[in-house]
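Coordinate-derived values only; no laboratory data. Given the structure is predicted, the values throughout are model-derived calculations rather than measurements. Neighbour counts run over all protein chains shown; Cβ positions are idealised from the backbone, glycine included.
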Amino acid sequence: MWGGESCDDGSLDTFGANSSCTGVHPGFYCEENTAGFPANRTFTICGDGLVAGFETCDVDILSDPSTFKIETYCLLQPDCVSWSSGWTCLGGSPTTESDCVPICGDGRWFEDEECDDGPSMVDGDGCSISCHIEDKFDCWSEIGGTSSCWKKCGNGYWTDSEECDDGNDMNGDGCSSEFHDCTVEDYFECYGGTNETADVCES
């Protein structure tokens, strides 16, 4: 380096150091090159939300170092050269971060989705083709895993959205599940159901 320079990576303003060698471009940091020439080495900062150098995506975790953001987006890949499995990232520049969204239908659930039950997704199974939990269904998911969905009606656990729930999907036994609605059938009475136990229905 010459007098007045603070970072000289020999790139002539094409990579990390700026043209006057007095600093670096946004998204880079500079350190001494112990091997000799050039005097410095510059590296991109993966996780600063600025897409620089050879990065293909970058989101800001420096101001929000949450476990969720670290485990997703593009940050599992070395130096932000690609995004993580289950995600796709668009855009980003030396002054803006990438827009990263989970891939709906790949069977990997992330917190921006309500559910994701895999590539065979169809409407009517609890998780819609747009990765939304369908009416009268519940779904359970864990980060990076495939969602499991089931009908609320007939699961044997009464909720305040049901008139009854006797733990099956049969009709004619006092609690109808014809339209996944768990309604008390004519000439029957159902009782005893809680959020832990099924109803008993009698005519």
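With contacts taken as Cα pairs under 8 Å and at least 6 residues apart, segment 153-203 reaches a relative contact order of 37 percent. The region of the chain that goes longest without hitting one of the GluC sites (Glu not before Pro) in a DSSP loop, each with at most 14 other Cβ atoms within 10 Å, is 6-110. From the coordinates of this entry, Rg/Rh (Cα atoms, Kirkwood Rh) is computed, and it appears in (i) 0.96; (ii) 1.32; (iii) 0.93 under the label (ii). Considering only chymotrypsin sites (Phe, Trp or Tyr not before Pro) in DSSP loops that have at most 10 other Cβ atoms within 10 Å, the longest stretch of the chain without any of them is 55-178. Taking all Cα pairs closer than 8 Å and separated by 6 or more residues, the relative contact order of the chain comes to 10 percent.
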